[in-house]
Amino acid sequence: MTALRLALVQLAVSAQKTANLVSARSKVLAAAKAGANMVVLPECFNSPYGTQYFS
């Protein structure tokens with residue numbers, strides 16, 4: 001059985017979707033390079049969390 005190496009990512013998000021994706025990708029690649037075979041991102045990693053951002 002393969003061992004599970006889990007990485008939990010915490011990152012700052014902005015209203016810029018592309019910037020959020022670039023940041024998340026960078027963190028995922030770094031975690032994989034460090035040996036993670038599963039990476040968990042925050043629930044709202046691709047958008048700022050606050051009611052003022054929802055229409």
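Which one is modelled with the highest pLDDT, of the residues in the range 14-23 that are surrounded by 11 or more Cβ atoms within 10 Å (Cβ to Cβ) and of a type in the set (Ser, Thr, Tyr)?
Ser23
Can you tell me which of Gln52, Gln10 is loosely packed, with under 10 Cβ neighbours inside 10 Å, assigned to a loop (DSSP other than H, G, I, E, B) and among the polar types (S, T, N, Q)?
Gln10
Say whether the condition of being in a loop (DSSP other than H, G, I, E, B), modelled with pLDDT under 90 and of a type outside the set (Phe, Trp, Tyr) is met by at least one residue in the range 24-38. Show your work before the answer.
As a first pass, look at the range 24-38 and keep what is in a loop (DSSP other than H, G, I, E, B): 34-37.
Narrowing further to those that are modelled with pLDDT under 90: none.
Within the range 24-38, not a single residue is in a loop (DSSP other than H, G, I, E, B), modelled with pLDDT under 90 and of a type outside the set (Phe, Trp, Tyr).
Give me a count of the residues in the range 7-19 that are touching a residue at least 12 places away in the same chain (Cβ under 8 Å) and either out of contact with any Ser or Thr (no Cβ under 7 Å at 6 or more places or on another chain) or farther than 20 Å from Ala36 by Cβ (or both).
Counting residues in the range 7-19 that are touching a residue at least 12 places away in the same chain (Cβ under 8 Å) and either out of contact with any Ser or Thr (no Cβ under 7 Å at 6 or more places or on another chain) or farther than 20 Å from Ala36 by Cβ (or both) gives 8.
The values are calculated or read from the model by the stated rules, or taken from the named source; none is laboratory data. Keep in mind the model is a prediction, meaning the values are calculated, not measured. Note: ideal-geometry Cβ built from the backbone for every residue, glycine included; neighbour counts use all protein chains shown.
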